[in-house]
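Q: Pasting a structure here, questions to come.
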Amino acid sequence: MQRVMMAVLAAALVSLPAEAQVQPFPAAFRTRDIATNGATIYVRVGGAGPAVVLLHGYGETGDMWAPLAADLARDHRVVVPDLRGLGLSSRPPGGYDKKTQAGDVAGVLDALQIDRADLVTHDIGNMVGYAFAAQYPTRVTRFVLMDAPLPGVGPWDEIVRSKALWHFSFGGPDAERLVKGRERIYLDRFWNEFSADPKSFSEASRKHYAKLYAQPGAMHSGFAQFAAFDQDAIDNKGFVAKGKLMMPVLAIGGEKSFGPTMAVVMRAAATDVREVVIANSGHWLMEEQPKATIAAIREFLDKER
């Protein structure tokens with residue numbers, strides 16, 4: 001029944017007028033529902049060449065990557081999942097720790113018969129991507145992380161004391177009751193406070209994502225992503241203790257958000273880290289400064305290749 005509801009929603013979103021949409025993926029992209037690891041992951045796939053996987057974060061879905069996917073598809077096979085519980089992926093009762101979600105990524109790649117891939121990640125996607133790279137290092141050729149910490153890694157204990165991150169501990173049945181029917185109000189807080197200029201997160205994007213996060217169970221799954229941070233910190237400390245990542249890593253921060261701290265975090269977890277700070281951007285790099293962000297990612301992937 002859940003899959004039927006999601007299919008109906010997907011059709012409804014496609015039929016919305018253009019002003020209520022984010023940028024669409026190129027017409028040549030195809031979508032698949034891949035059952036793996038106790039979840040069904042909604043995936044967009046397009047292009048040809050070396051594989052690259054794009055993992056989104058909270059407050060968005062894989063739709064955030066459409067401009068980058070269009071660019072990379074010229075010479076890459078681009079794979080864009082929705083994380084479990086978010087977007088059009090299924091919402092199982094558990095498995096929101098990032099170590100388990102790394103298994104989702106592995107299952108998607110197996111289903112697509114992809115052995116190795118570049119990773120490009122943002123926000124919670126960073127955490128899933130790191131867990132994947134730490135567990136399957138031979139499957140990751142290059143790794144780009146954007147503007148979010150890793151639980152338990154580097155300055156994590158200092159980062160989580162920031163009052164701006166109160167939402168890390170906001171969850172449970174009463175929180176869900178408070179937010180139900182008010183998803184847009186809750187999400188506007190993230191889009192406004194974590195951007196250099198709130199106007200750069202467009203009204204079309206806000207409507208699009210608010211509709212997706214208002215689906216039954218979507219906010220519950222979103223809160224579960226944060227509730228898993230304590231376990232993620234334990235898992236990540238174990239990964240670091242076994243050794244740092246060896247593949248080339250690009251750490252991108254928004255000037256008005258994580259900035260150079262993204263590289264500080266990754267130098268605690270990887271040996272070969274390059275640093276880029278995107279000027280005039282907050283946390284929402286693909287919304288605020290898409291051209292500069294795409295250029296930085298493309299330069300790194302092309303140079304390292």
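Q: Kindly check whether there is at least one residue in the range 83-98 that is surrounded by fewer than 24 Cβ atoms within 10 Å (Cβ to Cβ), among the charged types (D, E, K, R) and modelled with pLDDT of 95 or more.
A: Among the residues of the range 83-98, at least one is surrounded by fewer than 24 Cβ atoms within 10 Å (Cβ to Cβ), among the charged types (D, E, K, R) and modelled with pLDDT of 95 or more, which makes the answer yes.
Q: Looking only at the range 145-184, how many residues end up being among the hydrophobic types (A, V, I, L, M, F, W, C) and over 21 Å from the mean Cα position of the chain (by Cα)?
A: Here the count works out to 3.
Q: Can you tell which of G46, G38 is more than 26 Å from M146 (Cα to Cα) and either at pLDDT 95 or above or among the β-branched types (V, I, T) (or both)?
A: G38
Q: On to the next question. Within the set of pairs 6+ apart or on separate chains, which have a first residue in the range 69-80 that is charged (D, E, K, R) and at pLDDT 95 or above, a second that is assigned to a strand (DSSP E or B) and surrounded by 19 or more Cβ atoms within 10 Å (Cβ to Cβ), and C-beta atoms under 6 Å apart?
A: Going by the 6 Å Cβ cut-off, the qualifying pairs are R77/G47; R77/A51.
Q: Another one. In the range 196-213, what count of residues is obtained for those that are hydroxyl-bearing (S, T, Y) and closer than 14 Å to Y58 by Cα?
A: Residues in the range 196-213 being hydroxyl-bearing (S, T, Y) and closer than 14 Å to Y58 by Cα: 3 in total.
Q: Could you tell me which residue of the range 162-183 is surrounded by the fewest Cβ atoms within 10 Å (Cβ to Cβ), considering only residues that are basic (K, R) and over 18 Å from H283 (Cα atoms)?
A: Checked the range 162-183; the qualifying residue surrounded by the fewest Cβ atoms within 10 Å (Cβ to Cβ) is R177.
Q: Please state which of the following conditions N126 fails to meet, knowing it meets all the rest: (1) within 10 Å of the chain's Cα centre (by Cα); (2) among the polar types (S, T, N, Q); (3) farther than 25 Å from F258 by Cβ.
A: So N126 meets the others, but not (3).
Q: Among residues belonging to the range 46-56 that are crowded, with 24+ Cβ neighbours inside 10 Å and out of contact with any Ser or Thr (no Cβ under 7 Å at 6 or more places or on another chain), point out the one that is nearest to S202 (Cα to Cα).
A: H56
Q: Would you pick out the residues in the range 128-145 that are out of contact with any strand residue (DSSP E or B) (no Cβ under 8 Å at 6 or more places or on another chain) and either of a type in the set (G, A, S) or more than 17 Å from K242 (Cβ to Cβ) (or both)?
A: First, pick out the residues of the range 128-145 that are out of contact with any strand residue (DSSP E or B) (no Cβ under 8 Å at 6 or more places or on another chain): 131, 135-136, 138.
Scanning the range 128-145 gives a single hit, A131.
Q: So if I check each of Q231, Q225, which one is over 16 Å from the mean Cα position of the chain (by Cα) and either farther than 30 Å from E299 by Cα or among the small types (G, A, S) (or both)?
A: Criteria check complete, one pass: Q231.
Q: With the condition being within 19 Å of K237 (Cα to Cα) and among the hydrophobic types (A, V, I, L, M, F, W, C), I'd like the helices (runs of 4 or more DSSP H) fully within the range 145-193 carrying at least 1 qualifying residues.
A: 156-159
The values are calculated or read from the model by the stated rules, or taken from the named source; none is laboratory data. Nothing here was measured: the structure is a model prediction, and the numbers come from that model. All Cβ positions, glycine included, derive from the backbone under ideal geometry; neighbour counts span all protein chains shown.
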